[in-house]
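Asker: Here it is: the structure, laid out below.
The values are calculated or read from the model by the stated rules, or taken from the named source; none is laboratory data. If you're wondering where the values come from, they're calculated on a predicted model, not measured in any experiment. With ideal geometry, Cβ positions are generated from the backbone for all residues, glycine too; neighbour counts draw on all protein chains shown. With ligands, DNA and RNA removed, areas are computed over all heavy atoms of the protein, side chains included. Shrake-Rupley method; radii C 1.70, N 1.55, O 1.52, S 1.80 Å.
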Amino acid sequence: MNVPIIDPLQGDFPEVIEEFLQHGNMKCIAFNRRGTLLAAGCVDGSCVIWDFETRGVAKELRDKDCVAPITSVCWSKFGHHILASATDKSLTLWSVLSGEKIARVTLQQTTLLARLHPGSCTPSVCLACPLSSAPILVDLNTGSSTVLPVTMSDVGTGTTHPRNKFSDGSPPFTPTAATFNKCGDLIYVGNSKGEILIVDSKNIRVQAIIPIPGGSVIKNIVFSRNGQYLLTNSNDRVIRVYENLLSQKGAANELEEMSNASPVNEFQGIEKLKAVGSKCLILFREFQDAVTKMQWKAPCFSGDGEWVVGASANKGEHKLYIWDRVGHLVKILEGPKEALTDLAWHPVRPLVVSVSVAGLVYIWAKDYTENWSAFAPDFKELEENEEYIEREDEFDLVPDTEKVKESEINEDDEVDIMTVEKDSTFSDSEASQEELCFLPAIPSPDVPEQQDKYPASLSKLEESTHSGSPFSVEAGQNGQAHPASSPLEVANSAAEDAAVNTGVKRKRKPSAKGLELEAEKGRKPPLSKLIKSMGKPSKAKVKLENAQDANDSVLDDAVTDEYI
């Protein structure tokens, strides 16, 4: 679509389903940083990588040791690696280019969500959110893991709150959401008490606590791509957006200095952590459906952070709700009658990709309206055709009054087609020269063409003509064969065989003269008088004269043929 002819007043959010992708039974999706590749985890344990420009499968990652459904997929910073978690409690790190398995770690519980460290080009540490325990940091090289704190009763003791413990001292059963910040030096953990804990990823120490209004269980916690906003989805059916007050780089050091500042030192314990948290996040907007009070699923930001999208968690519904950052509901997208399992917004373009419970990936795109007045200021759009009368001198040739200026471009200069221009959309474009944006195309072998386009119909016809049916048996006894080169000819020949074998003949409607001849069969008038009375042309006369010695049936057929 040509950008200048797009109406600038239209919102940059998707409106209709453009197409869908199908390859096995897909359950979760993730874009790479540039949005050129889309990874999807399947039920059979494989990961499919789609080239999003051509909408074709670029590579398939399959591990013979893993046949369990994939629960989440995550790209590394520069797109060279993919981390996949499965229901068999495994974490698998893949090399995208070679398609080989780099590391595989088996945990004690099933991981619902896994994220690679965003600040490392060669990922070795990941964050895993298990089904029934606290989030853990996993070293993919050694397989060691560190459990993150989910709630604190006192900073000095660093113990977990006793009422959130089981009798054996194990962590709470509620699934806990967690995510890295943009640089990966801090981890934001949402617990079952409705609190956000900011944890230092190096020393695993809680630096701040931010209480959520309502105190409900936090199910999802997501950062915007630029790291400026934080989104939470709570069990009270409200999506909240917080503004991040910390700097993008060096946030851990800034938080340490903030904790040692004099105004904060007046507080102790949890009150001190809450005082620090009030300077880290501030509530920006709340999104909810005040009428139906529905639960939300897989909420996320748009690529530029201007829009928030959330999916209905009701069974049998594929509805997407889109809000602007101010808080207005701008669009409700209704898809097929299938529940939604995952959702992702394209990093750069106004596209949303959703996964249905049936395993299909739907691509929601903008329904652009062309504004042709951008080509000329006096352009007028017509509602219907109008008659136009041209002027007398409208198409007269007018001599050029000015010479065209000669081009100042040196045609002998070499054109650089290898250097990639920096994209202003990404803040660290200069550090991503080795980023993997596309995969080399691997030609697939051609599928042999089928000799018969209609194998099912052909087999039925063959059964009807060669089986033990009365028609086929009688035709075989009479020695009749009807070879056909296409199913249509086979059908025609079979119909003709059936008609002949059953004694059915095609009847023609007799003419008026034919009926008269049938009535006068007994007296047989002279042939010359018959021709004269009928007024036949010369061809009929010749034909009748040649048939004088023939019997009456031949004469009747000739006259009937000529008049029909």
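Asker: Go through segment 139-150 and give me each residue that's more than 15 Å from A84 (Cα to Cα) and part of a strand (DSSP E or B).
Answerer: Result: S145, T146, V147.
Asker: Looking only at segment 89-116, which residues are buried (at least 16 other Cβ atoms within 10 Å of the Cβ) and acidic (D, E)?
Answerer: none
Asker: Right, something else. Filter segment 342-356 down to the residues that are modelled with pLDDT of 95 or more and open to solvent by 20 Å² or more (accessible area, probe 1.4 Å), then identify the one that is nearest to K297 (Cα to Cα).
Answerer: Only one residue tops the list, namely D342.
Asker: Kindly evaluate A208 against the criterion of being small (G, A, S), in contact with a helix residue (DSSP H, G or I) (Cβ under 8 Å, 6 or more places away or on another chain), buried (at least 21 other Cβ atoms within 10 Å of the Cβ) and in a strand (DSSP E or B).
Answerer: So A208 passes the test.
Asker: Would you check if V276 is open to solvent by less than 20 Å² (accessible area, probe 1.4 Å) and free of Cβ contacts under 8 Å to residues at least 40 places away in the same chain?
Answerer: no
Asker: Another one. Given the condition at pLDDT 95 or above and under 32 Å from the mean Cα position of the chain (by Cα), answer yes or no: does some residue in segment 244-259 qualify?
Answerer: yes
Asker: Another question, then. Can you confirm whether T232 is within 27 Å of S302 (Cα to Cα) and open to solvent by less than 10 Å² (accessible area, probe 1.4 Å)?
Answerer: The answer is yes for T232.
Every residue, every condition in (1) in contact with a strand residue (DSSP E or B) (Cβ under 8 Å, 6 or more places away or on another chain); (2) part of a strand (DSSP E or B), yes or no:
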{"residue": "A344", "(1), (2)": "yes, yes"}
{"residue": "V348", "(1), (2)": "no, no"}
{"residue": "A358", "(1), (2)": "no, no"}
{"residue": "Y362", "(1), (2)": "yes, yes"}
{"residue": "Y368", "(1), (2)": "yes, no"}
{"residue": "E381", "(1), (2)": "no, no"}
{"residue": "E384", "(1), (2)": "no, no"}
{"residue": "E387", "(1), (2)": "no, no"}
{"residue": "R391", "(1), (2)": "no, no"}
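Asker: Same structure, new question: Return the pairs, sorted by first residue and then second, in which the second residue is open to solvent by 70 Å² or more (accessible area, probe 1.4 Å) and of a type in the set (A, V, I, L, M, F, W, C), the first residue lies in segment 91-102 and is more than 22 Å from P130 (Cβ to Cβ), the beta carbons are less than 7 Å apart, and the residues are 6+ apart or on different chains.
Answerer: Filtered contacts from segment 91-102: S95/I102.
Asker: Condition check: without any contact (Cβ under 8 Å) to a residue 24 or more places away in the chain and closer than 27 Å to G190 by Cα. Does T292 satisfy that?
Answerer: For T292, the condition - without any contact (Cβ under 8 Å) to a residue 24 or more places away in the chain and closer than 27 Å to G190 by Cα - is met.
Asker: Now for a different question. For a quick check of your reading: which strands (runs of 3 or more DSSP E) sit entirely within segment 45-138 and have at least 1 residues that are among the aliphatic types (A, V, I, L, M) and within 19 Å of Y188 (Cα to Cα)?
Answerer: Because the criterion is at least 1 residues that are among the aliphatic types (A, V, I, L, M) and within 19 Å of Y188 (Cα to Cα), the strands (runs of 3 or more DSSP E) in segment 45-138 that meet it are 111-116, 125-130.
Asker: Can we say L255 is in contact with a Leu (Cβ under 8 Å, 6 or more places away or on another chain) and surrounded by fewer than 17 Cβ atoms within 10 Å (Cβ to Cβ)?
Answerer: no
Asker: Turning to a different aspect of this structure: Condition test on G250, is it in contact with an Asp or Glu (Cβ under 6 Å, 6 or more places away or on another chain), open to solvent by 30 Å² or more (accessible area, probe 1.4 Å) and small (G, A, S)?
Answerer: no
Asker: Among L38, L21, which is touching an Asp or Glu at 6+ places or on another chain (Cβ under 9 Å), under 27 Å from Y321 (Cβ atoms) and aliphatic (A, V, I, L, M)?
Answerer: Testing whether each residue is touching an Asp or Glu at 6+ places or on another chain (Cβ under 9 Å), under 27 Å from Y321 (Cβ atoms) and aliphatic (A, V, I, L, M) leaves just L38.
Asker: Is there a residue in segment 129-140 that is touching a Pro at 6+ places or on another chain (Cβ under 6 Å), crowded, with 22+ Cβ neighbours inside 10 Å, at pLDDT 95 or above and under 25 Å from E195 (Cβ atoms)?
Answerer: Yes, segment 129-140 has at least one match.
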